[in-house]
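Since the structure comes first, as structure tokens, the remarks are kept for the end.
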Amino acid sequence: MAVVITVAQQKGGAGKTTLAANLAAALAETKRVALLDIDPQRSLTRWHAMRSERRSKPMEIGFSDVSGWRLGNELDRFRRHYDVLIVDSPPHIETDARVAVRGADLVLVPVQPSPPDLWAAEGTLKLATDEKRPVRLVLNRAPASGKLRSGVEAEIVRHGYPMLATALGNRTGFAGAFAIGLGVTETSPRSTAAQELRALLAEIEAVLR
Ligand SMILES: Nc1ncnc2c1ncn2[C@@H]1O[C@H](COP(=O)(O)OP(=O)(O)OP(=O)(O)O)[C@@H](O)[C@H]1O
Ligand SMILES: [Mg+2]
């Protein structure tokens, strides 16, 4: 039976789709992984289509661009055939995102280190808490140091919000890999971006254990 990871954050552009795609690509090395795209923008669907059309075939990732209201059934259908299901959700916390959070064994909330991103994350954190789903913030596009990062981190600690220790930096490799249907662990396995992604994945696996 698969575990379900939902990537959710009502703030647009926080890095949900990038995170979902890169986690799936890295996990696909060792596990049967499927992605479910419930965001009508369909960015992840296009990423997966590019991946499938590549001449040198990368590791296979299952896929469904199901609409939010059918997600529950689709999760049940996919669960038997995969080890991990990753759901990419739209930038709001209305019905579809709610369904995605409800079905999750772990909810990941990417936040860029700025106050509005953190404020937006509060809605998703509350939603996950209401649904009694384990949830973790993931700091994304974070500078290695500096006031903005330390300020947001202090705020996260002050509120007691659960956060993974590994942050993803602001790295062009993420956009570059996404543009060709791959993850950073595939395009540049020894890059800092890939190392961060693997460290994040190890933390996620520890939470799910
Ligand atoms: N760690 C990162 N380093 C550099 N660029 C990043 C990083 N994470 C995301 N981006 C870039 O930020 C932009 C938004 O990312 P993405 O589409 O993943 O966000 P999203 O939360 O899915 O957006 P939406 O809410 O519209 O679905 C993209 O151009 C992506 O390449
Ligand atoms: Mg997206």
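No lab work stands behind these numbers, since they all come straight from the coordinates. Note that the coordinates shown come from a computational prediction; the quantities given were computed from them, not determined experimentally. Ideal geometry is used to build each Cβ from the backbone, glycine not excepted, and the neighbour counts take in all protein chains shown.
Brief remarks on what is shown
- Comparing Cα centroids, region 23-84 and region 102-170 end up 24 angstrom apart.
- Amide H contacts of Met163 (H built 1.01 Å from N, under 5 Å, at least 5 apart or other chain): Leu137
- Each of Asn140, Leu201, Pro116 was placed along the dipole of the chain (beta-carbon charges, centred on the mean Cα), and the one lying farthest toward the positive end is Leu201.
- Tally of Lys pairs whose C-alpha atoms are under 23 Å apart, taken over region 3-208, 8 or more apart or cross-chain: 7
- Ordering of 55-62, 72-79 by packing is 72-79, 55-62, highest average first (other Cβ atoms within 10 Å, averaged per residue).
- For region 1-147, the Rg and Dmax computed from alpha carbons only, in angstrom: 14.8, 46
- Kirkwood Rh, Cα atoms: Rg over Rh of region 1-57: 0.96
- Sparse packing (at most 16 other Cβ atoms within 10 Å of the Cβ) combined with a DSSP loop state is found for the following trypsin sites (Lys or Arg not before Pro) in region 129-174: Lys132.
- Gyration tensor verdict on region 97-209 (Cα atoms; rounded if a/c is under 1.5, prolate if a/b is larger than b/c, oblate otherwise): oblate
- Fraction of the pair-distance distribution of region 138-192 above 18 Å, Cα-Cα pairs, percent: 44
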